[in-house]
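Novice: The structure is given below, and queries will be raised subsequently.
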Amino acid sequence: MTRILIVEDEPDIASVLQDYLHHAGYETEHVADGQTALERMLAAPPDLTLLDVMLPRLDGLQVLKQARAYTLHPIIMLTARIEEIDRLVGLEAGADDYVCKPFSPREVVARVRAVLRRTAIESAEGRGAAGTTERGRALLLDDVHWRASLHGIPLNLTRREFGLLQALARHPGRIFSRARLLELAYDDTADVTERAVDSHIKNLRRKLSVAAPEHDWIRSVYGIGFAFEAPSS
Ligand code: CA
């Protein structure tokens, strides 16, 4: 069953949302502050989160930013602050949509459906394989913030390392030469040599192996280059 996390400190709003979402066939969980919301999202990412902006302990935008380092499940912001700037901040921080308060619960249910449908289609199309839209995989790459995580563990990559990993992970199993990787991974290759690729790859492997020591993610192909190897399971 599709599970929706409702993060809302006003009990009346939360209970109306729960009623409507249950009625629409969704399972819900409700938390009333930002810190608990973040903990829930990281412990067990829901299929979608409805996230209020004005929250006790940790506000919704902070929750969104911190959550996005670990999980790319769809998040819809609920905001009473209608200023455009707040909307933009929310979306730039990685929200999938937002709904302005006061809202009709029907409208919220419609948005939930639309966002779930959209993200399901994006996943099915495999857009940005192993990337921003592919959910539920061990490796998550957020190319807006150049953040990567493996099994929920942040990899703390440099931009160079992130670029290489993204280029490799888009085509698991394909062998890339160093020259091709340079082209794919970096906009400006002026200050990067093919030899530098080797040292970036070495660091990448080390960081990947800290998060998942049981699998060798990047295979060296002698005399040719490198390939990304997704685990077979
Ligand atoms: Ca609130």
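Just so it is clear, none of the values below were taken in a lab; they were calculated from the coordinates. Predicted, not measured: the structure shown is a model, and the values here were computed from it. Because the Cβ atoms are built from the backbone with ideal geometry, glycine has one as well, and the counts that use them run over all protein chains shown.
Novice: Which distance in Å, rounded to a whole number, links the C-alpha centroids of region 24-73 and region 147-196?
Specialist: A separation of 30 Å, based on Cα centres.
Novice: Which whole-Hz couplings ³J(HN,Hα) result when phi for each residue of region 2-17 is put into the Karplus expression 6.51 cos²θ - 1.76 cosθ + 1.60, θ = phi - 60°, listed in order with x for Gly and Pro?
Specialist: Values, residue by residue: 6, 9, 10, 8, 9, 10, 7, 8, 8, x, 5, 5, 4, 6, 5, 4 Hz.
Novice: Can you order the peptides 64-75, 34-45 by their average number of other Cβ atoms within 10 Å per residue, highest first?
Specialist: 64-75, 34-45
Novice: Let me ask another. If you take the square roots of the eigenvalues of the alpha-carbon gyration tensor of region 3-124 and sort them as a ≥ b ≥ c, do you get rounded (a/c under 1.5), prolate (a/b over b/c) or oblate?
Specialist: Note, shape of region 3-124 comes out rounded.
Novice: In whole percent, what relative contact order does region 3-124 give with Cα contacts below 8 Å and a gap of six or more residues?
Specialist: Here the relative contact order equals 23 percent.
Novice: If r is the Cβ-Cβ distance from A196 to R117 and R0 is 41 Å, what FRET efficiency results, to the nearest 0.05?
Specialist: 0.45
Novice: Under the definition of Cα pairs under 8 Å and six or more residues apart, what whole-number percent is the relative contact order of region 133-228?
Specialist: Averaging sequence separation for qualifying contacts and normalising by length gives 28 percent for region 133-228.
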